[in-house]
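Each value in this text was obtained by applying a stated rule to the coordinates, not by laboratory testing. Source: prediction; values computed, not measured. A quick note on method: Cβ atoms are made from the backbone with ideal geometry, for glycine too, and the neighbour counts reach across all protein chains shown.
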Amino acid sequence: MRIKTILSTAVFIFAFVFSTAFASLFVDKSKSMLLVAPSNSYRKSCEHKSQIRDDLWMQKQILNFLEEDRQNGRELVNDSIQIKAESELTREKLATANLLRKMQQMNYSDFPDDFQSAWENHVSAWEERADFLHRVNKTRKYKIIDEELREKYWTQGNEINQTYIDLITTARQHGVKFSY
């Protein structure tokens, strides 16, 4: 009886292997893959992961942009020291014009609208400073001595600082961790 059980099991296995091998001859291998539409939860999970990937990419781009701006600011300080000019006011005017040129060349078109707006406000504040220094430098070669002009200069400085804070705050709203 024991041999009969072993023999029947072996015949069953042989028949099974033979039938699957024989059946595979009639299957079109190019279409044998079973595709199932993903479930809604899986689709939402993929969309969520894609959104996270896009957000991380945008955060990295904004961070790189802010780092470039920070480097431009460092160069402003160096330029205002190293530029050879007849006065401190002229050096500051030339260094500010150089900074503004670099800022205007930075590409920010792929960023969110609120970040673009914050950047444009910051650049605009620097444009006002550059225009002011240019006008003042035409009439005064060495210093801003007039109290009204000095007040305007400090007000512009405060505006530049505020627009920069607004820019960083907007970047943080997009998940960018950047300290100034």
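Brief remarks on what is shown
- A crude spin-label estimate for the pair Asp54 and Ala97, with each label 7 Å from Cα along the Cβ direction, gives 4.3 nm.
- Gained length - Arg150 relative to Arg74, 0.36 nm times residue gap less alpha-carbon distance: 25.0 nm
- Relative contact order, whole percent, for the stretch 56-124 stands at 30, derived from Cα pairs under 8 Å and 6 or more residues apart.
- A Stokes-Einstein calculation at 4 °C with viscosity 1.567 mPa s, built on the Kirkwood radius of the stretch 47-173 over Cα pairs, returns a diffusion coefficient of 81 µm²/s.
- Among the GluC sites (Glu not before Pro) in the stretch 42-133, those placed in a DSSP loop whose Cβ has at most 11 other Cβ atoms within 10 Å are Glu86.
- Computed extension length for Asn107-Gln173: 21.8 nm, one decimal, from 0.36 nm per residue of separation with the Cα-Cα distance subtracted.
- The number of Lys pairs in the stretch 47-173 with C-alpha atoms less than 13 Å apart, excluding pairs fewer than 8 positions apart on the same chain, is 4.
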